[in-house]
1. Given springs between every Cα pair under 10 Å in a Gaussian network model of the chain, which of 145, 82, 161 has the largest fluctuation?
2. So, counting K/R as plus one and D/E as minus one, what does the shell of residues with Cβ under 15 Å around residue 2 add up to?
3. If the only charges are +1 at each Lys and Arg Cβ and -1 at each Asp and Glu Cβ, what is the size of the charge dipole of the chain around the Cα centre, to the nearest 20 debye?
4. Counting only protein heavy atoms and a 1.4 Å probe, tell me what percentage of the chain's accessible area is made up of carbon and sulfur.
5. Under the classification rounded if a/c is under 1.5, otherwise prolate if a/b is larger than b/c and oblate if not, where does segment 123-174 fall, given a ≥ b ≥ c as square roots of the Cα gyration tensor eigenvalues?
6. Rank 121, 1, 48 by how far each Cα sits towards the positive end of the charge dipole of the chain (+1 on Lys, Arg Cβ; -1 on Asp, Glu Cβ) and give me just the farthest.
7. Need one number: the % of Cα-Cα pairs in the chain sitting beyond the 20 Å mark.
8. Treating only the Cβ atoms of Lys and Arg (+1) and Asp and Glu (-1) as charged, compute the dipole magnitude of segment 108-196 about its Cα centre; round to the nearest 20 debye.
Amino acid sequence: MKRVAILISGSGSNMVALVGALADMPDACACLVLSNRPEAAGLAKAEALGVPTAVVDHRAFGGDRQAFERALQAALEKAAPDVICLAGFMRVLSGDFVARWQGRMLNIHPSLLPRYKGLDTHRRAIEAGEREAGCSVHEVTAELDGGPVLGQARVAIQPGDTPERLAARILPLEHRLYPAVLKRFLAGERRPLFLD
Ligand code: GRF
């Protein structure tokens, strides 16, 4: 049984999609939903879905990233996941932390990587006059948003699009892409999936 931990910071809509997909996978389970923010709305959603939850509040460590990551590592080791999915997790993880999980940690990023790493991706794509935008699932490495891409979904940017309208069109694609990529990843498939 492959155990999957999901890290969130906010609404957790990608987490809900992943938990739903895992429920349909006979040889995998969602073993933990962990948030760095106690007020994340995703925590109540995870509890309603019957998934164990945990909070490691980064603010309790007053900027001491190493102490935060030690607590995060301890919480994860207790859950003993085979795979970690970052899903709207808004903390940058250190190279040391990533190295411990490299090859077993995925992230979803709201751009067509390698373009538009970092934040505010939809506004940047619109302002650059891009014709397309989208989302990518990638393996997490020490380079922020830089790991091997495992899947992508794309949409056309329409005239007059705002970042909010674009995000609203892409989020449902994220909810299709991430579970599909996780399923392949758990089966050992590493070739990227491109959703049309
Ligand atoms: C999504 O747009 C995702 O691409 C980005 O943060 C958002 C997470 O939303 N990483 P949610 O918390 O999964 O609803």
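1. 161
2. Net charge around residue 2: 0.
3. 160 debye
4. 55 percent
5. Prolate, because a/c is 1.5 or more and a/b exceeds b/c.
6. Projecting each Cα onto the dipole axis, the largest value belongs to 1.
7. So the portion of pairs separated by more than 20 Å is 54 percent.
8. In total the dipole reaches around 240 debye.
The values are calculated or read from the model by the stated rules, or taken from the named source; none is laboratory data. Just so it is clear, the model here is predicted, and its values are computed rather than measured. Positions of Cβ are generated from backbone atoms using ideal geometry, with glycine treated the same way; all protein chains shown enter the neighbour counts. The area values use the complete protein model at the heavy-atom level, side chains included, leaving out ligands, DNA and RNA. Shrake-Rupley method; radii C 1.70, N 1.55, O 1.52, S 1.80 Å.
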